[in-house]
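Below is one structure, written out as structure tokens, with a few remarks after it.
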Amino acid sequence: MSKEQDRLSISLLNDLQSTGAGYDVIRYIGLPELFGSEADTLLYFMGRNLSRKFSLESIEDICELVEKLGWGKLELIKEKKKELVFQLMADSVAQRLQAPLHTEFRLEAGFLAEAVQMVIGTECECTENIHRRIHQVQFNIVYTK
């Protein structure tokens, strides 16, 4: 079976239900303990790998999938020659940022880097800036080639 045939439709997520608490426990307690000091790097590459599992054809598809995954509302706010800037906001983002856990967005950054790379066909990397005071995360995707 080819990789193209192994890709999942975004609509598949309509059949899944989650309250999010179990996900957060695994994400912010279980995985960092398992991954140790390499957690940030491994989560980034896990996100990249995850994005390859979905059929994504546009920036709109990426934004829709991010929302369906329960990560928040993703919006493209700036487009430059070699960079895209997104912001992620939602009540779930605010709750994650206010939680008494160490929260990060490396999984999302890796996911976005690979998803944008798939859509535009240019190698990308992504960094994130967490703005705790205004409860949003900014992702800067830079074209590396």
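Values as computed for the structure displayed
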read-out	value
Selection within segment 87-115 - more than 19 Å from L31 (Cβ to Cβ) and not in a strand (DSSP E or B)	A90, D91, A94, Q98, A115
Residue match in segment 122-140 (condition: in contact with a Cys (Cβ under 9 Å, 6 or more places away or on another chain), surrounded by 13 or more Cβ atoms within 10 Å (Cβ to Cβ) and among the hydrophobic types (A, V, I, L, M, F, W, C))	yes
Scan of segment 116-145 for residues that are closer than 16 Å to N49 by Cα, of a type in the set (A, V, I, L, M, F, W, C) and either at pLDDT below 95 or not in a strand (DSSP E or B) (or both), ordered by number	V116, M118, V119
Unique residue being under 29 Å from E33 (Cβ atoms) and in contact (Cβ under 8 Å) with a residue 40 or more places away in the chain when the list is E114, E125	E114
Helices (runs of 4 or more DSSP H) completely within segment 18-70 that count 3 or more residues being in contact (Cβ under 8 Å) with a residue 60 or more places away in the chain	39-51
Any chance E75 is free of Cβ contacts under 8 Å to residues at least 40 places away in the same chain, in contact with a helix residue (DSSP H, G or I) (Cβ under 6 Å, 6 or more places away or on another chain) and in a strand (DSSP E or B)	no
Residue within segment 54-62 that is surrounded by 15 or more Cβ atoms within 10 Å (Cβ to Cβ), closer than 22 Å to Y143 by Cβ and under 12 Å from the mean Cα position of the chain (by Cα) present	yes
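The values are calculated or read from the model by the stated rules, or taken from the named source; none is laboratory data. Predicted, not measured: the structure shown is a model, and the values here were computed from it. Neighbour counts are summed over all protein chains in view; Cβ atoms, including those assigned to glycine, are modelled from backbone coordinates with ideal geometry.
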